[in-house]
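Input: a single structure, listed below in structure tokens.
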């Protein structure tokens with residue numbers, strides 16, 4: 001595990017820019033790239049190779065209710081028609097961190113929901129998405 005000056009990256013150091021604006025109601029984000037892989041068998045009982053298939057990019061954006069409403073307004077009443085790019089930057093150079101910047105292209109949300117529970121002080125909404133490409137800073 002690598003840390004910078006003995007310090008790990010913190011959620012407080014994350015900025016997500018999506019659709020040209022800083023997502024102020026951000027509560028969390030996760031994203032991943034995966035690829036279909038399957039062992040190819042022939043004679044005998046051991047795999048001869050591993051064959052590769054499609055690459056998929058997906059994730060979730062977790063936001064407050066007010067952030068969802070802002071996104072819905074920009075989407076004409078629904079986020080399901082939006083197609084956005086995002087920049088996820090984290091690190092705090094003032095604390096000695098190296099800035100990391102990932103780019104997500106062609107984000108489209110697959111679900112739009114709301115959830116409220118007794119005792120909630122605010123609503124937290126999880127928005128699953130797919131995207132065309134993720135470029136991780138190396």
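Rule-based calculations on the coordinates, nothing more; no lab input. Predicted, not measured: the structure shown is a model, and the values here were computed from it. Using ideal geometry, Cβ is built from the backbone for each residue, glycine included, and neighbour counts are taken over all protein chains shown.
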Relative contact order of the chain (C-alpha contacts under 8 Å, at least 6 apart) in percent is 26 percent
The extension gain from residue 110 to residue 50, computed as 0.36 nm times the residue separation minus the Cα-Cα distance, is 18.5 nm
Quick shape check on the chain: root eigenvalues a ≥ b ≥ c of the Cα gyration tensor, a/c under 1.5 is rounded, otherwise prolate if a/b tops b/c, else oblate, and it reads oblate
In degrees, nearest 10, the alpha-carbon axis of helix 65-74 is tilted away from the dominant principal axis of the alpha carbons of the chain by 80 degrees
Contour minus Cα-Cα span, residue 41 to residue 94, at 0.36 nm per residue, comes to 13.7 nm
With 0.36 nm assigned to each residue of separation and the Cα-Cα distance removed, residue 27 to residue 103 gains 25.5 nm
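Computed FRET efficiency, Cβ-Cβ of residue 34 and residue 8, R0 30 Å: what is it to the nearest 0.05? Don't skip to the answer; put the middle values down first.
Working: r = 25 Å, r/R0 = 0.85.
Computed FRET efficiency for residue 34 and residue 8 comes out at 0.75.
Order by neighbour count: 55, 107, 100, 134, fewest other Cβ atoms within 10 Å first, most last.
Values: 55 11, 107 23, 100 15, 134 19.
Starting with the residue having the fewest Cβ neighbours, the order is 55, 100, 134, 107.
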Heads up, the range 1-71 by the C-alpha gyration tensor (a ≥ b ≥ c square roots of eigenvalues; a/c under 1.5 rounded, else a/b over b/c prolate, else oblate) looks oblate
Comparing 22, 102, 120 in a Gaussian network model of the chain (Cα, 10 Å), the one with the largest mean-square fluctuation is 120
Everything considered on the Cα gyration tensor (a ≥ b ≥ c; rounded for a/c under 1.5, else prolate if a/b is larger than b/c, else oblate), the range 69-108 must be described as oblate
